[in-house]
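Asks: Shown below is the structure under consideration.
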Amino acid sequence: MIVSILDILLLVASQIVVSRGRKSAFCSPLVSCDLPLEAGLLFSCMLRAYPFSGVITMRNCFIHFVIVAGIFSQILTSFSARAESTSQNRMNHAISGISSADLKTHVDTLADDTFEGRAAGTRGGRAAAGYLRQQLISIGLKGAGENGEFTQPFRRGCQNILAIVPGSDPALKDEVILIGAHYDHVGYGSRRNSYGPTGFIHNGADDNASGTAALLELAEAFTTYPCRRSILIAFWDGEEQGLWGSKHFIANPTFPLEKIKMALNLDMVGRLRNNSLTIYGTRTWDSARTLLSSVNSSMVSSEPLEIIFDWEIKPNSDHHPFYKSGIPYFMPHTGLHDDYHRPRDDAHKINSVGLESVARFTYQTVLEIDQLDAAPTFRPLSKWETPQAKHRFELPLQPPEKRLGLRWASVQNSKNGLFVTSVDRDSPAALAGVARGDRVIAFNGKAVTSDTEMQHAVFSSPASSRITLHRGKDDSEKIIDVTLRGQPLRLGLSWRQDAANPNSAMVSRVISGSPAAASGLLPADRIHSINGKAWVADQGNQNPFLGLPFPIHVTYERRGKLHATVMSANDSVRLDPQGD
Ligand SMILES: [Zn+2]
């Protein structure tokens, strides 16, 4: 009896799976439904092969259990795979929805003469606010200003425009990521705010119709594919008057400030040149550079950007009131230009494809930040991390003392050794009796035939070494003992930790001729992983390369892009496996 009920259950379950599978053949190509079909066919075949019998044995029960469990696990897997692929599709859809065409439309509109330069409190400014409100309504967003309205009025006729995209995670939706852009500009210009000529409409296409347009597109993307946390969209007014709008919000927040975990500021992002984007504020939260570089290197549907991480923190835009309140920020920026605060900052000069890249990058960065279960922590130390501090931090270490102290004529492949062109006074080479005109044939019995081999021999040989020379007209062979300075090196690589990015290390020196140099690593590169393992924070004086055999695979970041390389031993010299 038990067996026959199990059989019926099994039959019904397999039929459900099979019918689901058949249906799936006609479902949307966006959703992958192959699993249920395969699972259904598999189990229906198993059913036919499996003889129904009335005999209750442990074996039969066990087989039934395995088959039923298999079916249910397949169903569950297919559900989660379906959910995952739907979620991925929605994200891709949101990203591709940020389009250069839409961005151009927004910039063309906001930077049109109709808006008379969008000065705060003027009819042009109010018209721009009206356009933004209408766009937010058409996206389907709710107001986040006073009394649930879109506006937050202040002073005479000024208004911030605020909207909220509710978070999708019940546990995290109370936390807010704020993305702001000022929509005002300087109107007809005055001697106080324009480089002239004044009296003409200053359309402010780059400053800051570009950031405003990007924020409208981001608002739409977050609606298509929301974050776990809530996204507060903030169009600031009166920035050009002295950050009026953002300061007013800080003094009269429509959300408790402690809920705001991050404040992005989009200001002048419309003139991307050479694909180079400057990002400010990345010292104000932990691991910012590491995260931004990872996002940049795995962007969906756009090329990675060249990123300049600028440490400067200036009170020159709407990030600053948030920074002063202890809220981490970052601010992408495509740089100043001759048209800045002049009537010439017009819409036709906007690189809308570049603007699309910046907006997509910003969107994906916010998604990545939102993946962190604990929001990034503010770094008060960023206050002292000036551009000068960055310069000092990135200054490479002095090259080590020359181990041998001679120069030779450059060769790539010489059977007759390397011709010595000069010997430093009191150097190990001079003390050993090497002279100008000698030819170095071998190092510790190994032939040296090229610059690389010679450099490698010098930095990796033990302190007590032996050089084979040919000297004079008769080419007489001499073998001399030499005491090289310092210890032999293995990688030729030095690094230092960056407190703001503990999961990476900054290269502080690469010795020429070393495996590190051959791998292409340069000072100021950031090492992210070794042999596929992420750089471990706080390893004290531990050397993560110690004892690793060659080849060593390294992932590093340069100007915001991740690269992979390999450090290999030079076979011409036997290496002493010692750390640097
Ligand atoms: Zn601006």
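The values are calculated or read from the model by the stated rules, or taken from the named source; none is laboratory data. Just so it is clear, the model here is predicted, and its values are computed rather than measured. Here the Cβ positions follow ideal geometry from the backbone for every residue, glycine too, while neighbour counts run over all protein chains shown. The accessibility values were calculated without ligands, DNA or RNA, using every heavy atom of the protein model including side chains. Shrake-Rupley method; radii C 1.70, N 1.55, O 1.52, S 1.80 Å.
Asks: Of the numbered conditions (1) on the phi < 0 side of the Ramachandran plot; (2) surrounded by 11 or more Cβ atoms within 10 Å (Cβ to Cβ), residue 405 fails exactly one; give the number of that condition.
Replies: (1)
Asks: Spot the failing condition for residue 278; the list is (1) within 16 Å of the ligand (Cβ to nearest atom); (2) touching a residue at least 60 places away in the same chain (Cβ under 8 Å), and only one is missed.
Replies: For residue 278, the failing item is (2).
Asks: Just a yes or no: is a residue in region 95-108 open to solvent by less than 50 Å² (accessible area, probe 1.4 Å), in contact with a helix residue (DSSP H, G or I) (Cβ under 8 Å, 6 or more places away or on another chain), of a type in the set (Ser, Thr, Tyr) and assigned by TED's automatic domain parsing to the domain that holds residue 196?
Replies: Checked against the condition, which is being open to solvent by less than 50 Å² (accessible area, probe 1.4 Å), in contact with a helix residue (DSSP H, G or I) (Cβ under 8 Å, 6 or more places away or on another chain), of a type in the set (Ser, Thr, Tyr) and assigned by TED's automatic domain parsing to the domain that holds residue 196, region 95-108 yields no hits at all.
Asks: Report those strands (runs of 3 or more DSSP E) wholly inside region 387-453 carrying at least 1 residues which are more than 30 Å from residue 279 (Cα to Cα) and either more than 46 Å from the chain's Cα centre (by Cα) or of a type in the set (Asp, Glu) (or both).
Replies: Of the strands (runs of 3 or more DSSP E) lying wholly inside region 387-453, those with at least 1 residues that are more than 30 Å from residue 279 (Cα to Cα) and either more than 46 Å from the chain's Cα centre (by Cα) or of a type in the set (Asp, Glu) (or both) span 418-423, 439-443.
Asks: Let me ask you something else. Anything in region 308-331 that is crowded, with 17+ Cβ neighbours inside 10 Å and out of contact with any helix residue (DSSP H, G or I) (no Cβ under 6 Å at 6 or more places or on another chain)? List them, or say none.
Replies: Scanning region 308-331 gives 310, 313, 317, 319, 320, 322, 323, 327, 328, 330, 331.
Asks: Sticking with this structure for a sec: Looking only at residues in region 415-448 that are more than 17 Å from residue 486 (Cβ to Cβ) and either in contact (Cβ under 8 Å) with a residue 60 or more places away in the chain or in the same structural domain as residue 515 (by TED's automatic domain parsing) (or both), which one is least open to solvent (accessible area, probe 1.4 Å)?
Replies: 448
Asks: Check region 247-257 and report whether any residue there is open to solvent by less than 10 Å² (accessible area, probe 1.4 Å), part of a loop (DSSP other than H, G, I, E, B) and either assigned by TED's automatic domain parsing to the domain that holds residue 355 or more than 16 Å from the ligand (Cβ to nearest atom) (or both).
Replies: Checked region 247-257: no residue is open to solvent by less than 10 Å² (accessible area, probe 1.4 Å), part of a loop (DSSP other than H, G, I, E, B) and either assigned by TED's automatic domain parsing to the domain that holds residue 355 or more than 16 Å from the ligand (Cβ to nearest atom) (or both).
Asks: Could you tell me whether any residue of region 321-330 is assigned to a loop (DSSP other than H, G, I, E, B), hydroxyl-bearing (Ser, Thr, Tyr) and away from the ligand (no atom under 16 Å from the Cβ)?
Replies: Checked region 321-330: at least one residue is assigned to a loop (DSSP other than H, G, I, E, B), hydroxyl-bearing (Ser, Thr, Tyr) and away from the ligand (no atom under 16 Å from the Cβ).
Asks: Which of the residues that make up region 212-237 are within 14 Å of the ligand (Cβ to nearest atom) and either free of Cβ contacts under 8 Å to residues at least 24 places away in the same chain or part of a helix (DSSP H, G or I) (or both)?
Replies: 212, 213, 214, 215 - these are the residues of region 212-237 that are within 14 Å of the ligand (Cβ to nearest atom) and either free of Cβ contacts under 8 Å to residues at least 24 places away in the same chain or part of a helix (DSSP H, G or I) (or both).
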